[in-house]
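Enquirer: What follows is a structure written as structure tokens; I'll ask about it next.
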């Protein structure tokens, strides 16, 4: 699988993501500066976490206008797979590639901790290596991660099985106490209606190796490999 990881001014998870894709998942991976107008050959585009443009105006609001995002929009429209992590999720929402928006956390504080996520649907290319109902533990690090959408959009997301990950406790129970940022319906990750674009606030690239004590984030990258007809290196 050939992957492209975008780099914006202020990105700080691009190298982490490139490391996991290339050295752990065995993908042919390139870093691509935001001013490039073409993606080149790619099976997957990852919009990584960080603070693109210092989060000025609104998270992802400026990065959405970078030249490379027009290429990402074309790539997604043609069925290419796109994964947005944290700030990448915010950028994809700003670009209209995913519905809803990410707002300031409920307690107005920056969050940096592990959370539990329940896999809501495992039939997508992003969660195919997981079991429906499986509970994963991943880190979050954000100030603006509270997912919000209009009632009609929220209803459509639920009815169309577009919610892929939901904040929960260690036993898989979806509670307000398990919701770290005030996201509506405890939503942590969604996909678009076509199923080829996903955004999530937690960072799977930060817990994708057993040396870190928790490699559960690797399941998302393994899922993408499986969807491409490939497997993790032995």
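The values are calculated or read from the model by the stated rules, or taken from the named source; none is laboratory data. Everything numeric here is computed off the predicted structure, so don't read it as measured data. All Cβ positions, glycine included, derive from the backbone under ideal geometry; neighbour counts span all protein chains shown.
Enquirer: Listed residues 102, 98; which is surrounded by 14 or more Cβ atoms within 10 Å (Cβ to Cβ), in contact with a strand residue (DSSP E or B) (Cβ under 8 Å, 6 or more places away or on another chain), assigned to a strand (DSSP E or B) and modelled with pLDDT of 95 or more?
Expert: Selected residue: 102, the only one of 102, 98 that is surrounded by 14 or more Cβ atoms within 10 Å (Cβ to Cβ), in contact with a strand residue (DSSP E or B) (Cβ under 8 Å, 6 or more places away or on another chain), assigned to a strand (DSSP E or B) and modelled with pLDDT of 95 or more.
Enquirer: Within the range 40-63, is there a residue that is free of Cβ contacts under 8 Å to residues at least 40 places away in the same chain, out of contact with any strand residue (DSSP E or B) (no Cβ under 9 Å at 6 or more places or on another chain) and not in a loop (DSSP other than H, G, I, E, B)?
Expert: No, the range 40-63 has no match at all.
Enquirer: Let me ask something else about it. Give the residues of the range 8-24 that are in contact (Cβ under 8 Å) with a residue 40 or more places away in the chain and either within 14 Å of residue 203 (Cα to Cα) or buried (at least 24 other Cβ atoms within 10 Å of the Cβ) (or both), sorted by residue number. So that I can check it myself, show each step before the final result.
Expert: Looking only at the range 8-24, we keep the residues that are in contact (Cβ under 8 Å) with a residue 40 or more places away in the chain, and these are 8-11, 13, 16-17, 19-21, 24.
Correct list: 8, 11, 13, 16, 17, 19, 20, 21.
Enquirer: Separate question: Given the criterion under 22 Å from residue 87 (Cβ atoms) and exposed (fewer than 15 other Cβ atoms within 10 Å of the Cβ), identify the matching residue among 173, 137.
Expert: On the way: 173 fails: under 22 Å from residue 87 (Cβ atoms).
On inspection, the qualifying residue turns out to be 137.
Enquirer: Just to be sure before I move on: is residue 4 in a strand (DSSP E or B), under 17 Å from the mean Cα position of the chain (by Cα) and in contact (Cβ under 8 Å) with a residue 40 or more places away in the chain in the structure I sent? Outline the logic, then answer.
Expert: Numbers: in a strand (DSSP E or B): yes; under 17 Å from the mean Cα position of the chain (by Cα): yes; in contact (Cβ under 8 Å) with a residue 40 or more places away in the chain: yes.
Yes.
Enquirer: Examine the range 116-130 for a residue that is under 18 Å from the mean Cα position of the chain (by Cα) and within 19 Å of residue 94 (Cα to Cα), and state whether such a residue exists. Outline the logic, then answer.
Expert: Initially, the range 116-130 is screened for residues under 18 Å from the mean Cα position of the chain (by Cα), giving 116-130.
Okay, now just the ones that are also within 19 Å of residue 94 (Cα to Cα), so none.
Looking for residues that are under 18 Å from the mean Cα position of the chain (by Cα) and within 19 Å of residue 94 (Cα to Cα), one finds none in the range 116-130, hence no.
Enquirer: Does the range 177-202 hold any residues that are in a loop (DSSP other than H, G, I, E, B), touching a helix residue (DSSP H, G or I) at 6+ places or on another chain (Cβ under 8 Å) and buried (at least 24 other Cβ atoms within 10 Å of the Cβ), and which are they?
Expert: 201
Enquirer: Could you identify the single residue in 108, 117 that is at pLDDT 95 or above and either surrounded by 20 or more Cβ atoms within 10 Å (Cβ to Cβ) or outside any loop (DSSP other than H, G, I, E, B) (or both)? Talk me through it step by step, then tell me what you get.
Expert: Values: 108 fails: either surrounded by 20 or more Cβ atoms within 10 Å (Cβ to Cβ) or outside any loop (DSSP other than H, G, I, E, B) (or both).
Result: 117 is the single residue among 108, 117 that is at pLDDT 95 or above and either surrounded by 20 or more Cβ atoms within 10 Å (Cβ to Cβ) or outside any loop (DSSP other than H, G, I, E, B) (or both).
Enquirer: Only one of 170, 144 is closer than 17 Å to residue 134 by Cβ and at pLDDT 95 or above. Can you tell me which? Lay out the reasoning, then the answer.
Expert: On the way: 144 fails: closer than 17 Å to residue 134 by Cβ.
Matching residue, one of 170, 144: 170.
Enquirer: When residue 128 is evaluated against the numbered criteria (1) closer than 22 Å to residue 172 by Cβ; (2) outside any loop (DSSP other than H, G, I, E, B); (3) touching a helix residue (DSSP H, G or I) at 6+ places or on another chain (Cβ under 6 Å), which criterion, by number, is the only one it fails?
Expert: So the condition that residue 128 fails would be (2).
Enquirer: So, one more: Taking residue 215 as meeting all but one of (1) free of Cβ contacts under 8 Å to residues at least 60 places away in the same chain; (2) in contact with a helix residue (DSSP H, G or I) (Cβ under 8 Å, 6 or more places away or on another chain); (3) surrounded by 19 or more Cβ atoms within 10 Å (Cβ to Cβ); (4) under 23 Å from residue 44 (Cα atoms), write down the number of the exception.
Expert: With respect to (1) free of Cβ contacts under 8 Å to residues at least 60 places away in the same chain; (2) in contact with a helix residue (DSSP H, G or I) (Cβ under 8 Å, 6 or more places away or on another chain); (3) surrounded by 19 or more Cβ atoms within 10 Å (Cβ to Cβ); (4) under 23 Å from residue 44 (Cα atoms), residue 215 is out only on (3).
Enquirer: Right, next: Using the structure shown, decide if residue 84 is in a loop (DSSP other than H, G, I, E, B) and within 15 Å of residue 188 (Cα to Cα). Before the answer, list the steps.
Expert: Details: in a loop (DSSP other than H, G, I, E, B): no; within 15 Å of residue 188 (Cα to Cα): yes.
Here the answer is no, as residue 84 does not meet what is asked.
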